[in-house]
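So the structure is just underneath, and the comments pick up after that.
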Amino acid sequence: MELLKQRIAQEGEVKGDSVLRVDRFLNHQIDVKLLKEIALEFYRRFGQKEITKVLTIESSGIAIGAFVADAFSVPLVFAKKHQSTNLGDDVYTVPVTSFTHSRTYDVTVDKNYLRQEDSVLIVDDFLARGCALEGLVALTEKAHAHVAGIGIVIEKGFQGGGDRLRRRGYPLESLVVLESLRPLVYRDEPCKAR
């Protein structure tokens, strides 16, 4: 997705060898016009499938998930990282280790919102090692629902999570896949001399 690559080049900030900050337009300050384009691209890629729910994880995935759910005219469900008093006891729960925060969370979805008859499109902003995504897949499978697709905005291909999920047979599509951050190299481009 060329528009996304342009924004990464113009406004992304690389920290070390494995962190790309895109909080100027994607996951802190949000460019809603860009999110509309992202949602339309996911609809273009997955619109031929019967999607009944969009599933993401709090918190950075919620804005993206809302736009995608709107494009598909289906509800958005987000897995909660923090237990709250208004969440019942009839829930699906799996542990997820966050690359960004270097800690493990129990993520939870109420069983009323994820059911066996659902065909689920899982979406998130980033994919690194794939722990959060594997947690969302596990929640979906605990509900005996169908993982119809996985849509990722930015995949850090050099960290292997996406390739591992693809090898397991999940229909995963990322709008951009980065092979390295220094220099910025995308999977679909020939590697430039370093």
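The values are calculated or read from the model by the stated rules, or taken from the named source; none is laboratory data. Note that the structure is a prediction, hence the values are computed from the model and not measured. When we count neighbours, we look across all protein chains shown, and the Cβ atoms used for this are built from the backbone with ideal geometry, even at glycine. For accessibility, only protein heavy atoms count, side chains too; no ligands or nucleic acids. Shrake-Rupley method; radii C 1.70, N 1.55, O 1.52, S 1.80 Å.
For the range 36-51, the set of residues classified as open to solvent by less than 20 Å² (accessible area, probe 1.4 Å) and over 16 Å from Leu172 (Cβ atoms) consists of Ala39 only. For the criterion of being farther than 20 Å from Gly161 by Cβ, of a type in the set (Ser, Thr, Tyr), more than 16 Å from the chain's Cα centre (by Cα) and modelled with pLDDT of 95 or more, Thr52 passes.
Report whether or not Gly130 is open to solvent by less than 20 Å² (accessible area, probe 1.4 Å), out of contact with any Cys (no Cβ under 7 Å at 6 or more places or on another chain), among the small types (Gly, Ala, Ser) and under 20 Å from Leu35 (Cβ atoms). It is false that Gly130 is open to solvent by less than 20 Å² (accessible area, probe 1.4 Å), out of contact with any Cys (no Cβ under 7 Å at 6 or more places or on another chain), among the small types (Gly, Ala, Ser) and under 20 Å from Leu35 (Cβ atoms). Exactly one residue out of Val120, Val107 is touching a His at 6+ places or on another chain (Cβ under 9 Å) and assigned to a strand (DSSP E or B): that is Val120. Of the residues Tyr43, Tyr92, the single one that is free of Cβ contacts under 8 Å to residues at least 60 places away in the same chain, out of contact with any strand residue (DSSP E or B) (no Cβ under 9 Å at 6 or more places or on another chain) and closer than 18 Å to Val147 by Cβ is Tyr43. Listed conditions (1) of a type in the set (Phe, Trp, Tyr); (2) closer than 18 Å to Arg7 by Cα; (3) surrounded by 22 or more Cβ atoms within 10 Å (Cβ to Cβ) are all met by Phe67, apart from (2).
Rundown of residues vs (1) under 18 Å from Ala132 (Cα atoms); (2) among the hydroxyl-bearing types (Ser, Thr, Tyr), yes/no style:
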{"residue": "Phe42", "(1), (2)": "no, no"}
{"residue": "Leu55", "(1), (2)": "yes, no"}
{"residue": "Ser73", "(1), (2)": "no, yes"}
{"residue": "Ala79", "(1), (2)": "yes, no"}
{"residue": "His82", "(1), (2)": "yes, no"}
{"residue": "Thr97", "(1), (2)": "yes, yes"}
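The selection criterion, being hydroxyl-bearing (Ser, Thr, Tyr), open to solvent by 40 Å² or more (accessible area, probe 1.4 Å) and under 25 Å from Lys49 (Cβ atoms), does not hold for Tyr92. The lone criterion from (1) assigned to a strand (DSSP E or B); (2) loosely packed, with under 15 Cβ neighbours inside 10 Å left unmet by His144 is number (1). Checking Leu181, Leu165, Leu133 one by one, the residue that is touching a strand residue (DSSP E or B) at 6+ places or on another chain (Cβ under 7 Å) and touching a residue at least 40 places away in the same chain (Cβ under 8 Å) is Leu181 and no other. Quick one: Gly16 ticks every box in (1) on the phi > 0 side of the Ramachandran plot; (2) open to solvent by 50 Å² or more (accessible area, probe 1.4 Å); (3) not hydrophobic (A, V, I, L, M, F, W, C) except a single one, so which number is it? All conditions pass for Gly16, except number (2).
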